Amino acid sequence: MNKKLGRWREPDLSRKLLARVILLARTVAERLGRLPVFMEVCGTHTVAISRTGLRGLLAGYLELRSGPGCPVCVTDGGEIERMIMLARLPEVTVATFGDMLRVPGRDTSLEEERARGARVEVVYSPADAVALAEAHPEKQVVFLGVGFETTAPTVALALAAAAEKKLPNFTVYSAHKLVPPVMRALLHDPGPAVDGFILPGHVCAVTGRAPFDFIAEQYGLPAVITGFEPLDILGSVYRLLEMILSGHVRVLNGYTRVVREAGNREARLIMNKYFRPVDAFWRGFGPVPESGLALRERFGGFDAARRFALPEPATAVREGCRCGDLLRGRINPRQCPLFAAACTPARPVGPCMVSSEGACAAYYQYERNR
Amino acid sequence: MCLGVPGRVVSLEPDGQWAVIETMGLEQKVGVQLVEGVAVGDYLIVHAGYAIEKLDLEDAVERLRLWEEILSRGEDAVGRPAVPAGRGEAAER
């Protein structure tokens, strides 16, 4: 790590900032007559907040609550079933990010199917899935496209590579999701009383700030684009509290070392070349308008949903699982009766306990004994 | 899943599409098609095998300086740790 960057991790600064945050939080709590609640809308933040102990250190002064920020977790049951159907097709090799492997469907998971003989390969990058298709012309390689605006451009690059190589055996099953539309759905919902948002730094690196401005403009809530060091997260909480106190509510960029004002135009161009926004189902939310990405018509040849005719799947949420309420910010993991009892990482009932970025998995690993 | 890992560019492929970056001693080949004007020595944020943005070192230093300044103001009033140092340490791991 570069020395200059390493200074972002210096304990001394974070400790001082923590003290400031706590003072400010007390003032805000007095004004609100309750503890302020901020939501992190990024699974990587959820993990960082749990792992560093920030959630625990701030408990009693303010609440940090997880939202729909884990792409694996928000993937709808119907989509999980279709992915499993794809893995069962004898000619298909499914290539996927590792987090999807153990997500429980209605009766089985990709991992269980693999144990029964299905070919499911874990890849680190969509480029690896293209290489897999190239190396195995006898197989149909289907890449499971799961992720937000950060990931979709990288999948678009893989599609561009497959198109250039004219690979006849590579397709993408696109279950990509877009963050601003689901935040609209969340804010439209009278459910969670949230006083501000910690916005996903790497999603915003692609989108820029503008798509999130509506949070302040239409809903009068502050939000800060946030990096992933403790100092970044504490800094954003500090600025959220300040904005509440001053009444001057805006959407700020607190991660300027990575997020440019207008985001990454190149990334958006290639994403928009291959994908178009479509209505999509989210776990916990149901249908959300224009919140997913499907392959554009002229790249239909690379669309797994087209190449393989899949029947309408039967879905069912496993009994008692409250992932949906969790993703809407209505509960925290400890408020689910299954948490750390019937539902553990070894025997997960829902995806929030499976994905390393799921709030239940993060609480289980880092905050279970608090 | 939106994990982005910073790494320093060690070398660039002649086609300008790929670069070798170093992260904590490990080298890795990543796609740089999404980021304009990548040069050896640049820091990149890498996600799923592709750089999604450059990391602006100057900005990182400047922001840090601003935080230091803000936090040094009114040191006597609020600078003392509000939580015991032992607990505070957990925040910086």
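Throughout, read-outs are computed from the coordinates displayed, never taken from laboratory work. In this text the structure is predicted, and so the values were computed from the model without any measurement. Reconstructed Cβ throughout: ideal geometry from the backbone, glycine too, with neighbour counts over all protein chains shown.
Observations on the model:
- Amide H within-cut-off set for A:R119, under 5 Å, with H built and near neighbours excluded: A:V94
- Applying 1/(1 + (r/R0)^6) with R0 = 41 Å to the Cβ-Cβ distance of A:D279 and B:M24 gives a FRET efficiency near 0.45.
- Relative to the longest principal axis of the Cα atoms of chain A, the long axis of helix A:179-188 makes an angle of roughly 60 degrees.
- Whether segment A:322-370 is rounded, prolate or oblate, judged on the alpha carbon gyration tensor where a/c under 1.5 counts as rounded: rounded
- Take each residue in B:55-65, count the other chain C-beta atoms within 10 Å of its C-beta, and the mean is 5.
- Most fluctuating residue given options A:D128, A:D303, A:D189, as computed from a GNM of chain A linking Cα atoms under 10 Å: A:D189
- Distance from segment A:172-187 to segment A:1-74 (C-alpha centre basis), Å: 24 Å
- In this structure, the amide hydrogen of B:L3, modeled 1.01 Å from its nitrogen in the peptide plane, lies closer than 5 angstrom to no residue at least 5 positions away or on a different chain.
- Charge-dipole axis of segment A:1-138 as Lys and Arg at +1 and Asp and Glu at -1 on Cβ define it, positive-most pick from A:S14, A:L101, A:V37: A:S14
- The mean number of Cβ atoms from other chains found within 10 Å of a Cβ in peptide A:154-161 is 4, as a whole number.
- Counted charge near A:G301, where neighbours are those whose Cβ lies closer than 12 Å (Asp, Glu -1; Lys, Arg +1): +3
- Summary of packing: across the peptides A:28-39, A:310-321, the per-residue average of other C-beta atoms within 10 Å ranks them, highest first, as A:28-39, A:310-321.
- Across the options A:I233, A:F212, A:P277, the greatest Cα extent toward the positive end of the charge dipole of the protein assembly as shown (unit charges at beta carbon of Lys, Arg, Asp, Glu) belongs to A:I233.
- When you count the other C-beta atoms within 10 angstrom of each residue and take the mean per peptide, A:344-357, A:227-240, A:2-15 line up highest first as A:227-240, A:344-357, A:2-15.
- Shielding by partners, peptide A:20-28 (average Cβ within 10 angstrom, other chains): 2
- Tensor-based shape of segment B:1-76 (alpha-carbon gyration tensor, a/c under 1.5 rounded, otherwise prolate or oblate): prolate
- Size of charge dipole - segment B:1-76 - debye, nearest 20, with Cβ of Lys, Arg +1 and Asp, Glu -1, no other charges: 260 debye
- With Cα atoms, 0 to 90° folded angle of helix A:126-135 axis to chain A main axis: 20 degrees
- Packing, as the average of other Cβ atoms within 10 Å across residues, places the peptides B:43-56, A:264-277, A:46-59 in the order B:43-56, A:46-59, A:264-277, highest first.
- Rough spin-label spacing in nm, given labels placed 7 Å along Cα→Cβ, for A:D107 and A:E242: 5.7 nm
- Computed [θ] at 222 nm, deg cm²/dmol, chain A (DSSP H ≥ 4; -39,500 (n - 2.57); rounded to nearest 500): -11500 deg cm²/dmol
- For A:W282, the residues 5 or more places off, or on other chains, whose built amide H falls under 5 Å of its own are A:V288.
- Helix A:11-32 axis, angle to chain A major axis (alpha carbon atoms, nearest 10°): 70 degrees
- Relative contact order of chain A, pairs being alpha-carbon contacts under 8 Å that are 6 or more residues apart, as %: 23 percent
- Neighbourhood net charge (9 Å Cβ-Cβ; Lys/Arg +1, Asp/Glu -1) for A:L178: -1
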